[in-house]
């Protein structure tokens, strides 16, 4: 298996580099702002889902409360920026670090829980965060924060005239999340996580420190998601608790990974590449009526994909490959 | 109010708690039941209290059909069945919300006059709002009924056996799909009952279910999966905690108390109060 594994990993890296290069060139062809917008969101969701996948996919700890870390990233950046004039770049890092610390702090009691009890605990903690932010006057309460725009600047990471800088940042973030996953797959941690996911007791008996493995996965996952949150806040120039910390958001973050293939390297990217354009297109073409047709289509598609491909879209590729190999 | 949460949770306790199927569309079941109740009132002037059995019957069929058409396939998944169930029912929830928006419009509706709406009943000098009181009564009856049903009838035993070992159950001639379809129907009928009662004193709109559903999950988990009595106790605790939190914190924060109590309970007892799973 070693030889195949190494070969596959090298191939994955080449494919990723080619895809990233192609994506970087895309704006040369795609000038339409609307399409660029969709691309940015796709990259962002791919990054978020990839980060979520580290904890929930590889390590098997299904979190439906990752909106908490996303919100913390967004709020840390914007509170530091609007109240203290700290540049978003530092705020972004601060948000990531705070989210990672909180993830570990929460992990301490949470990782003793199993199954549904764990999932519900993650939902509940994110919901507490949402309610607290909705009632926190200093942080704008339910009204949220509007980020003042003072002209294009890399320093302040805000751009009004062009969306391209956002696009490149999202691409970097997505590549980073992918690369971290790729790198972790073959690390000690990656093997530990998969062992913990498959059989925690057996892993423990073989000397894997189950608890620390989970903590590591939670920290990395939360850090990356918080960076995504900070980016999202700068991109929209407006945040409010519901839109960055709502329960729906936790599910939307997990959805690309689940549809693409949970616990796989390419699942989140593939899922986001199909899901996000689909969501945006149905929303803008048939959602305008305000009668929920977009929800009907979107809901139906989620049901159908989950039912038809329980292993995710990635399984389509591996199936054809497996056939080719036997021949 | 606590018993009302209990009432919403009792249907979920059956589906989520006893059959171990994640149902993220439970709130939407509630929403549909409330609309049914509303339309029965608007078109035929049937009071929500009278129409409750009708709504429950309709929801029974609805729940069974949803199981047979959709959920049955979600349970067949070999790998990560949990995630498939979560996202299938989540998709279903979005679909149902969309359908509700399409057919019923996003407008807020309410039943202006019903037998019990806005009235109070005085018991030993304490005035209690009538709808909540009726809700509490129905809730106790529903829990008692479900408890007896699960523990005293063949069907109840079949249900538990099916969850524990579908293969062995098939050997003794129990059709898994029939048992679970009935279970889903029953769960939906119970939430239908809750919806019919709540329709007389809550606004009805397509997203109404979401706010109640989360508390229902917490209620079931707090009581512990696999226990009918646990869900009932969970409902009462949730109601009491909410009322107490409302005294100390602003009303917008009242759910925080519920969530905090859940976390506290599972940190001490990782299987909920009376959970067996």
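The values are calculated or read from the model by the stated rules, or taken from the named source; none is laboratory data. Given the structure is predicted, the values throughout are model-derived calculations rather than measurements. Methodologically, a virtual Cβ is constructed for each residue, glycine included, from the backbone with ideal geometry; neighbour enumeration extends over all protein chains shown.
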May I ask you to list the residues in region A:308-327 that are assigned to a loop (DSSP other than H, G, I, E, B) and at pLDDT 50 or above? A:309, A:310, A:311, A:312, A:313
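Suppose the filter is assigned to a helix (DSSP H, G or I) and touching a residue at least 60 places away in the same chain (Cβ under 8 Å); does residue A:252 pass it?
Here the answer is yes, as residue A:252 does meet what is asked.
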Verdict on residue A:17 being within 16 Å of residue A:269 (Cβ to Cβ) and out of contact with any helix residue (DSSP H, G or I) (no Cβ under 7 Å at 6 or more places or on another chain): yes
Filter region B:234-277 for residues that are more than 9 Å from chain A (Cβ to nearest Cβ) and assigned to a loop (DSSP other than H, G, I, E, B); the one that is modelled with the highest pLDDT is B:269
Go through B:238, B:169, B:228, B:248 for me and flag whichever is farther than 19 Å from residue B:7 by Cα, out of contact with any strand residue (DSSP E or B) (no Cβ under 8 Å at 6 or more places or on another chain) and buried (at least 19 other Cβ atoms within 10 Å of the Cβ). B:169
Residue check: is residue A:304 over 19 Å from the mean Cα position of the chain (by Cα), surrounded by fewer than 24 Cβ atoms within 10 Å (Cβ to Cβ), within 12 Å of chain B (Cβ to nearest Cβ) and more than 27 Å from residue A:9 (Cα to Cα)? yes
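Just to verify a result, which residue in region B:78-102, among those that are modelled with pLDDT under 80 and surrounded by fewer than 19 Cβ atoms within 10 Å (Cβ to Cβ), is nearest to the other protein chains (Cβ to nearest Cβ)? Before you say what the answer is, go through the steps one by one.
Residues of region B:78-102 modelled with pLDDT under 80: B:78-83.
From what is left, the residues that are surrounded by fewer than 19 Cβ atoms within 10 Å (Cβ to Cβ) are B:78-79, B:81-82.
Working: B:78: 7, B:79: 5, B:81: 7, B:82: 7 Å.
Here the answer is B:79.
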Selection count where residues are in contact with a helix residue (DSSP H, G or I) (Cβ under 6 Å, 6 or more places away or on another chain), assigned to a helix (DSSP H, G or I) and away from chain A (no Cβ under 12 Å), scope region B:19-34: 6
Enumeration of residues in region A:103-133 that are surrounded by fewer than 23 Cβ atoms within 10 Å (Cβ to Cβ) and more than 14 Å from every other protein chain (Cβ to nearest Cβ): A:104
Within region A:267-288, the residues that are part of a helix (DSSP H, G or I) and within 14 Å of chain B (Cβ to nearest Cβ) are A:267, A:268, A:271, A:275, A:278, A:279, A:282, A:283, A:286
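Name the one entry in B:44, B:102 that is over 26 Å from residue A:247 (Cα atoms), free of Cβ contacts under 8 Å to residues at least 12 places away in the same chain and in contact with a helix residue (DSSP H, G or I) (Cβ under 9 Å, 6 or more places away or on another chain). Before the answer, list the steps.
Details: B:102 fails: over 26 Å from residue A:247 (Cα atoms).
After applying the criteria, what remains is B:44.
Do we find that residue A:98 is surrounded by fewer than 21 Cβ atoms within 10 Å (Cβ to Cβ), modelled with pLDDT of 80 or more and within 22 Å of the chain's Cα centre (by Cα) in this structure?
Taking the combined requirement at face value, the residue satisfies it.
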Taking region B:217-231 only, how many residues are at the interface with chain A (Cβ under 7 Å from one of its Cβ atoms) and within 17 Å of residue B:183 (Cβ to Cβ)? 1
For region A:258-266, indicate whether the set of residues that are assigned to a helix (DSSP H, G or I) and more than 11 Å from chain B (Cβ to nearest Cβ) is non-empty. yes
Which one is surrounded by the fewest Cβ atoms within 10 Å (Cβ to Cβ), of the residues in region A:225-245 that are touching a helix residue (DSSP H, G or I) at 6+ places or on another chain (Cβ under 6 Å) and within 14 Å of another protein chain (Cβ to nearest Cβ)? A:241
